[in-house]
2 protein chains.
Amino acid sequence: MTHLLIQNAQLLRVDAVTQTAIVQPGQDIVIRSNRIEAVQATGQVDASHFATVIEAAGMLVMPGLINCHAHVPMVLWRGLAEDASIDRWFNDMMWALEHNLQPEDVYWGMLLGLIEQIECGVTAVADHYFHLAYAAQAIEKIGARALLGYAMFGSEGQAKIDETARFVQDYQGAAQGRIRTLLAPHSPYTCDADFLRASAKAAQKLGVGIHIHVSETKQQTIDSLRKHGKTPIQILQETGILDVPTILAHVCGATPDDIRILARYPVGIAHAAKTYLKLAMGKTPLLEFIAANIPVGLASDGVVSNSTLNLFETMRLMALTQKHDAGMGEVMPIGQALAIATQGSARVYGQPDELGAIEPGYLADVILIDLNGAHHQPLYHAPFSLVYNLQAPDVRTVIIDGQIIMRDRHLLTIDKQEVYAQIRTRMERLSYLDPAKRIQTY
Amino acid sequence: MTHLLIQNAQLLRVDAVTQTAIVQPGQDIVIRSNRIEAVQATGQVDASHFATVIEAAGMLVMPGLINCHAHVPMVLWRGLAEDASIDRWFNDMMWALEHNLQPEDVYWGMLLGLIEQIECGVTAVADHYFHLAYAAQAIEKIGARALLGYAMFGSEGQAKIDETARFVQDYQGAAQGRIRTLLAPHSPYTCDADFLRASAKAAQKLGVGIHIHVSETKQQTIDSLRKHGKTPIQILQETGILDVPTILAHVCGATPDDIRILARYPVGIAHAAKTYLKLAMGKTPLLEFIAANIPVGLASDGVVSNSTLNLFETMRLMALTQKHDAGMGEVMPIGQALAIATQGSARVYGQPDELGAIEPGYLADVILIDLNGAHHQPLYHAPFSLVYNLQAPDVRTVIIDGQIIMRDRHLLTIDKQEVYAQIRTRMERLSYLDPAKRIQTY
């Protein structure tokens, strides 16, 4: 059984109520098995009693980041859908490229993406994709944490709901509990009301949540009102989706009425700031969600829109975009950005009492960060540097579920070169673009 | 005399006319003394004839980035002016903190900032600051390239113009030609028309350019129209500033008429995207500048507004912000962003025929980038990865004026720990905040 001591760290403390962040020096973190047993001033325990000791002097320790909405295996097409409108991005690029996907690609794509996530301090991911049994193998192998939702389109009918329901049952609690599952109808624009209703019913029956794209742009809201007389959020409400714990991806196009609806349901919003900028998806009512006490968490989306899986960059872009759009430099202060990146993301991910903080009883998903680089000097205020200056390689060591996955930048559970080699053999086939073949139409 | 071979590199080629970027594999770059002598396919020269050979297989080679507007020594106050409106940022924070500045601080602050710049591939900087003889020493020491403008406020009168004119004469061509100089009246809002006119006259007489802040926000334009009946750009035109080669910092608040004026003068615009987001300075008419063929280059501004001196991040944020503000994902494609980062910046910096490209006869300011990290895989398209995925530590080797300044992340001309130690002794004094004492009022 793991018995791990992180010694003499500077610990990030984020107060979710006051939305402030401080750093507490001289802290020990005691990890037993997969949980944090104690957090205390250095000097109270004898390091020789521990199987492993990580000396953390000069390092900042914080909870691993949680990616609340991604399509990690889409890393396979990195850089192949650039400088496009959202329509072209879907129809002429991504949904054509995805026609090339084979199940085993998902295993290698998931591994490559998880390597990137771990290297930038992301320890858990709510992934929404296809062929997830292959993704689960990758998660098991590398030692990551994930919440898996098997993507389904309305055109695939009840049979697909039944199939993904079996996936939910088969993989709930897999990888020693690191894998949780839920249902994942793609969106109200690719799933009709009957399909959404059947999905919600299946989720209720299984006792799991739902993960869905919704109101990604204002235009989607306008189109839905024109076509159905209802906003996409109203459709989710009427079909029962909102009755189960639901991760809503994006929601950039929510109306004030939509926000009032959402505030009454057990939902969380996954916010992917870089994607919104890159695909020009418009202003997002993020501050309104927060004002309505709707949980908000960070998300990378897929790298085909976001370019990377780096959530530190996402946090920074979220804060910068909110200041820019509000026209006020005071908006989204450092403590609020860090509260979203930690406890906010844990709420959206559905484990607010086990993730997103370094506290006794919490799961041991912990990252160590080196703030000694020139780009952090002089270091008057570490929380500022986390939000505005951090470079992914500052993340030195990553622990997930009590296991050291990366130590001083060395990955311990995976052979990176083997993954690269496997990906290389797939590039030509995966990048073949036949716009006449698409998995869906936007 | 340096005789240096970079062997078997992938060379970035940016076509400024078509605004496209490609990567050419298998290229040798021959450097003699401080200039590029030849660029050719690998295998045509005998490596044993060279004093130094850098094996660049698997590396991308591109021109060093040029920072067109900075206050590098302000790194001394990193993180001390956060989450503020632009008014508070000036009056209650920066102009109060700068009251603590002593001349020798500039030497150490400049060194620390230059270390950060070199570590992210920035090889030249147009700096606008105080006590520049100390900055020049730091540039000489570390081996960087700079265009120095000694900041002056109108309240300091003709005596200051005369003093900074002496600086221009004393330091023009210093550090074996790596230092150039110009005059640097701060801005139209801190310098009256007579002072600007006298500055322009002095620059004409000295045969040098000018570096000035102007129209930083729409509000500054509105205030100027109310107070003077003219926009800040019109004031620069009337006072003769635009008649000499001039670097205009920011210009976010330019009117369409201002842009028509600027297109007729030898000016360039320094664009600091992260600062504009962070201080909520509003939308910038960047695409209109480009349409009017006004040169645009990248800028970090000071780290007190920008947090870092990382121009790769600035380039990315420029492209993302332009897409977001235009509401079109097609805007500011990859090739255009790279053209601004290379030749565009060289034009603004005033050395378009010597910097910003890897061509025979150009100055040897060259950086080597490792694109083998997981965050670049699979690598279908390297120019995309430069704009959207690069992390500063991917910059492995930096050559300035033919001299290797950083090799495989090791700085060769400076002891980083000594700089850190010197900065630490200054932190308490520099961070003392007495809002009653300011160097100016905004």
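Here are the numbers for the structure shown:
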| quantity | calculated |
| --- | --- |
| Top of B:M152, B:M59, B:M427 by mean-square fluctuation, Gaussian network on chain B, Cα under 10 Å | B:M427 |
| Relative contact order computed over region B:51-156 (Cα-Cα under 8 Å; 6+ residues apart), in percent | 32 |
| Residues B:R88 and A:Q102, FRET efficiency given R0 of 41 Å [Cβ-Cβ distance, rounded to 0.05] | 0.15 |
| Euclidean distance of C-alpha centroids, region B:300-336 and region A:341-355, integer Å | 31 |
| Region A:370-435: trypsin sites (Lys or Arg not before Pro) in DSSP loop, at most 16 other beta carbons within 10 Å | A:R409 |
| Cβ-placed point charges (K, R +1; D, E -1), dipole of region A:22-96 about Cα centre in debye, nearest 20 | 180 |
| Residue with peak Gaussian network fluctuation, chain B [Cα springs, cutoff 10 Å], from B:Y432, B:Y265, B:Y380 | B:Y380 |
| Per-bin percent of Cα-Cα distances, region B:32-163 [10 Å] | 10, 31, 29, 16, 10, 5, 0 |
| Most fluctuating residue given options B:D243, B:D162, B:D370, as computed from a GNM of chain B linking Cα atoms under 10 Å | B:D162 |
| Hz values of 3J(HN,Hα) by residue in region A:21-37 - Karplus curve (6.51, -1.76, 1.60), Gly and Pro given as x | 10, 9, 10, 9, x, x, 10, 9, 10, 9, 10, 10, 6, 9, 10, 7, 8 |
| Around B:Q169: net Lys/Arg minus Asp/Glu count, Cβ-Cβ under 14 Å | 0 |
| Region A:284-379: GluC sites (Glu not before Pro) in DSSP coil with no more than 13 other Cβ atoms inside 10 Å | A:E330 |
| At 7 Å out from Cα toward Cβ: B:D170 inter-copy label distances (nm, ascending) | 7.8 |
| Lys, Arg +1 and Asp, Glu -1 on Cβ, resulting dipole of the protein assembly as shown about Cα centre, debye, nearest 20 | 840 |
| Kirkwood hydrodynamic radius (C-alpha pairs) into Stokes-Einstein, chain A, 4 °C and 1.567 mPa s, D in µm²/s | 59 |
| Dipole moment magnitude, nearest 20 debye, region B:65-349 about Cα centre, only Lys, Arg, Asp, Glu C-beta charged | 640 |
| Fraction of antiparallel bridges per DSSP, chain A only, in percent to nearest 5 | 45 |
| Estimated FRET transfer efficiency when R0 is 41 angstrom, pair B:E330-B:S48 (beta carbons, to 0.05) | 0.25 |
| Residues with amide H under 5 Å from that of A:C191, placed H, sequence gap 5 or more | A:G154 |
| Whole-number percent relative contact order across region A:65-349, with pairs defined as alpha carbons under 8 Å at least 6 apart | 21 |
| FRET efficiency, A:E163 to A:Q417 (Cβ-Cβ, R0 41 Å, nearest 0.05) | 0.70 |
| Inter-copy separations for B:R32, label at 7 Å along Cα-Cβ, nm, ascending | 7.3 |
| Other protein chain Cβ atoms within 10 Å, averaged over every residue that makes up B:322-332 | 6 |
| Lys/Arg +1, Asp/Glu -1 at C-beta; the protein assembly as shown dipole; positive extreme among A:Q336, B:I400, B:T413 | A:Q336 |
| Simple label model, 7 Å out from Cα along Cβ direction - B:R409 to A:D408, nm | 1.2 |
| Per-residue ³J(HN,Hα) for region B:348-354, Karplus 6.51 cos²θ - 1.76 cosθ + 1.60, θ = phi - 60°, Hz, x for Gly and Pro | 5, 6, x, 10, x, 9, 10 |
| Pairwise centroid distance, computed over Cα atoms, of region A:65-101 with region A:155-219, Å | 20 |
| Largest-first ellipsoid semi-axes for region B:150-288, taking √(5λ) over the Cα gyration tensor eigenvalues, angstrom | 25, 17, 14 |
| Separation of the B:I22 and B:D170 label points, Cα + 7 Å toward Cβ, nm | 5.1 |
| Average other protein chain Cβ within 10 Å of Cβ, residues A:420-432 | 2 |
| Mean shadow area of region A:323-442, taken as a quarter of the surface of its Cα convex hull (nm²) | 12.9 |
| Which listed pairs, of A:K141/B:K274; B:K227/B:K283; A:K201/A:K437; B:K227/B:K437; B:K160/B:K437, have C-alpha distances above 28 Å, in listed order | A:K141/B:K274; A:K201/A:K437 |
| Shielding by partners, peptide A:35-43 (average Cβ within 10 angstrom, other chains) | 0 |
| Label point 7 Å beyond Cα along the C-beta direction, distances from A:D87 to other copies (nm, shortest first) | 4.4 |
| DSSP beta bridges in the protein assembly as shown [antiparallel fraction, %, rounded to 5] | 45 |
| Charge tally in the Cβ shell below 11 Å around B:R426, where Lys, Arg are +1 and Asp, Glu are -1, B:R426 excluded | -1 |
| Neighbour-limited loop hits for GluC sites (Glu not before Pro), region B:87-147 (at most 12 other Cβ within 10 Å; DSSP other than H, G, I, E, B) | none |
| Residues whose placed amide H lies under 5 Å from that of B:V122, excluding near-sequence neighbours | B:L65 |
| B:R197 versus A:R226: modelled label distance in nm, points set 7 Å from Cα along the beta carbon direction | 5.9 |
| Value at 222 nm in deg cm²/dmol, rounded to 500, when DSSP H runs of n ≥ 4 in chain A each add -39,500 (n - 2.57) | -10000 deg cm²/dmol |
| Surrounding net charge for A:V395, when Lys and Arg each add one and Asp and Glu each subtract one, Cβ distance under 9 Å | -1 |
| Per principal axis, descending, Cα span of the protein assembly as shown in whole Å | 83, 61, 60 |
| Positive-end residue, chain A charge dipole about Cα centroid, Cβ charges, pick of A:V296, A:A203, A:Q172 | A:A203 |
| Hydrodynamic radius (Kirkwood) for region B:255-409, which is based on Cα pairs only, to one decimal in Å | 16.7 |
| For A:F130, distant residues with modelled amide H under 5 Å away | A:A151 |
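Bear in mind that the values in this text are calculations on the coordinates, not laboratory data. Treat the numbers as computed from the prediction; the structure is a model and nothing was measured. Virtual Cβ from ideal backbone geometry, glycine too; neighbours counted across all protein chains shown.
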